[in-house]
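This report refers to the structure that appears directly beneath it.
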Amino acid sequence: MSYPQEFQGIAILDHKEYLHPKKVNFPPKVFGDHDVDIKVECCGVCGSDHHFAKGNWGDVPKPLVCGHEIIGKVVKVGDNCETGVKVGDRVGVGAECFACLKCDRCKSDNEQYCEHQVWTLSKAYEDGYVSKGGFANYVRVHEHFAIPIPENLDSVTSAPLMCGGITVFSPLLRNGCGPGKKVGIMGIGGIGHMGIMLAKAMGAEVYAISRSNAKKEDALKLGADHYIATKEEADWDTKYKDALDLVVICAGSLSDIDLERLPTIMNIGGKIVSIAAPEASEKIVLNPLGLLGVSISNSVIGSRKEIIQLLKLASEKNIKPWVETLPISEAGVAEAFGRMDTGDVKFRFTMVDYDKELSN
Ligand SMILES: [Zn+2]
Ligand SMILES: [Zn+2]
């Protein structure tokens, strides 16, 4: 069997064997009348794919088909679709593929926080079907989560915007990033490098914050106006006291972040937002008196409305994440996860060559 009865992808079959993924065929979810099928052109590789593959978030059902920074062409549209999506449209899909769209959260453009939401990979729908991501020839998602890609954006460099990009853009947007604001991006990796570009494009004065000076040159090239190396400047917290309005922590984990000292570089009313989705066992310890006048929160991805805003900004300001391509294949996915183990990526992988490896 082949499409539309079966999709084909590169899957993890055992967490211990995450560096030995296998090509598999699998049935898609039942096609709903608000669903669209997308023939995948390329797909970014996000830190959470890596977490899922390694079993950091527990033992999940197999086959585990990762990938949730998907760009492709719509090939089938459900009878009741109402967003205007058409066969042939180029669309992007991020980390979310379903939400109820009826609850207060959904109706206020917060569908990423819907209690009934389904992640694009490894989350069960109400009928028990476990979602499968974009390391596959096709994906089937609710139309709300298939977002039109502006014509002038290149698929390969835009794919990472669909999860990594929106993950940092949503907290920037919601916390006033713009002209006259001093905004820190802490952690310069896959998401942080997009954070620097986006905060700059939104008009803020941008402070890149990292442990060492190793990423200084790249951060300045990406558009940062200032660079703070917390392990190399002993007095960084007094030197930049009260400097910032907003810091988005773009690290995968908070265990290495000095949450005692970080609030001192925030002005009164300043906001610290983390986008970390660390291993399930991680906890943070905070000194309440260290947070006088400063708030701290955690954020996850963004809404359809925000993704559309992000893509418009990327289109107008010519934002191109730094991407290295790898072929979608057992070896290609293994290389992506293996190199992410050692941080050997600058700054994001996008899987390509779908037509060469996977059936049509
Ligand atoms: Zn992601
Ligand atoms: Zn909802």
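Selection within region 171-207: residues that are over 12 Å from residue 248 (Cβ atoms) and free of Cβ contacts under 8 Å to residues at least 60 places away in the same chain. The member of this set that is least open to solvent (accessible area, probe 1.4 Å) is 178. Please specify each residue of region 272-292 satisfying the condition of being more than 16 Å from ligand 1 (Cβ to nearest atom) and open to solvent by less than 40 Å² (accessible area, probe 1.4 Å). 272, 273, 290, 291, listed by residue number. Contact map, region 276-287: residues that are among the polar types (S, T, N, Q) paired with residues that are open to solvent by 80 Å² or more (accessible area, probe 1.4 Å), Cβ distance under 7 Å, separation 6+ or inter-chain. Pairs shown: 287/260.
Could you figure out which of (1) in a loop (DSSP other than H, G, I, E, B); (2) over 25 Å from residue 302 (Cα atoms); (3) not polar (S, T, N, Q) isn't true of residue 251? Checking residue 251 against (1) in a loop (DSSP other than H, G, I, E, B); (2) over 25 Å from residue 302 (Cα atoms); (3) not polar (S, T, N, Q), the one that fails is (2). Against the criterion of being more than 16 Å from ligand 2 (Cβ to nearest atom), surrounded by fewer than 24 Cβ atoms within 10 Å (Cβ to Cβ) and among the hydroxyl-bearing types (Ser, Thr, Tyr), residue 167 does not qualify.
Of all residues in region 234-251, exactly one satisfies the criterion of being farther than 17 Å from residue 266 by Cα and either of a type in the set (Asp, Glu) or in contact (Cβ under 8 Å) with a residue 12 or more places away in the chain (or both), namely 251. Report, ordered by the first and then the second residue, all pairs with beta carbons closer than 6 Å, sequence separation of six or more or different chains, a first member in region 123-139 that is in the same structural domain as residue 351 (by TED's automatic domain parsing) and open to solvent by 30 Å² or more (accessible area, probe 1.4 Å), and a second member that is assigned to a loop (DSSP other than H, G, I, E, B) and among the aliphatic types (A, V, I, L, M). Qualifying pairs under 6 Å: 132/65. Taking region 96-116 as the range and being open to solvent by 10 Å² or more (accessible area, probe 1.4 Å) and part of a loop (DSSP other than H, G, I, E, B) as the test, the residues that pass are 100, 101, 102, 103, 108, 109, 110, 115, 116. The single condition among (1) part of a loop (DSSP other than H, G, I, E, B); (2) within 30 Å of residue 143 (Cα to Cα) that residue 273 does not satisfy is (1).
Answer yes or no: is there a residue in region 130-146 that is among the charged types (D, E, K, R), in contact with a helix residue (DSSP H, G or I) (Cβ under 7 Å, 6 or more places away or on another chain) and over 20 Å from residue 350 (Cα atoms). No: zero hits. In this entry, residue 305 passes the filter for residues that are within 16 Å of ligand 2 (Cβ to nearest atom), open to solvent by 20 Å² or more (accessible area, probe 1.4 Å) and either of a type in the set (A, V, I, L, M) or on the phi < 0 side of the Ramachandran plot (or both). What residue, among those in region 317-360 that are of a type in the set (Lys, Arg) and assigned to a helix (DSSP H, G or I), is most open to solvent (accessible area, probe 1.4 Å)? So the residue we want is 356. Using the structure shown, decide if residue 22 is of a type in the set (Lys, Arg) and over 20 Å from residue 124 (Cβ atoms). Yes.
Criterion first (at positive phi, open to solvent by 40 Å² or more (accessible area, probe 1.4 Å) and at pLDDT 95 or above) does residue 269 satisfy it? Yes; evaluated as a whole, the condition is true for this residue. Exactly one residue among 93, 74 is surrounded by 22 or more Cβ atoms within 10 Å (Cβ to Cβ), in the same structural domain as residue 321 (by TED's automatic domain parsing) and either modelled with pLDDT of 95 or more or touching a strand residue (DSSP E or B) at 6+ places or on another chain (Cβ under 6 Å) (or both), and that residue is 93.
Going by the conditions given, is residue 295 open to solvent by 30 Å² or more (accessible area, probe 1.4 Å) and either in the same structural domain as residue 56 (by TED's automatic domain parsing) or within 30 Å of residue 101 (Cα to Cα) (or both)? The answer is yes for residue 295. Within region 1-24, how many residues are surrounded by 13 or more Cβ atoms within 10 Å (Cβ to Cβ), in contact (Cβ under 8 Å) with a residue 24 or more places away in the chain and over 17 Å from residue 52 (Cα atoms)? Number of matching residues: 6. Just to be sure, is residue 246 crowded, with 17+ Cβ neighbours inside 10 Å and assigned to a helix (DSSP H, G or I)? So residue 246 does not fit the description; no. Look through region 218-236, keep the residues that are open to solvent by less than 60 Å² (accessible area, probe 1.4 Å) and more than 23 Å from residue 176 (Cα to Cα), and return whichever of them is nearest to the chain's Cα centre (by Cα). The extreme case among them is 218.
The values are calculated or read from the model by the stated rules, or taken from the named source; none is laboratory data. Note that this is a predicted model, so its numbers are computed, not measured. Backbone-built Cβ (ideal geometry, glycine too); neighbour counts: all protein chains shown. The area values use the complete protein model at the heavy-atom level, side chains included, leaving out ligands, DNA and RNA. Shrake-Rupley method; radii C 1.70, N 1.55, O 1.52, S 1.80 Å.
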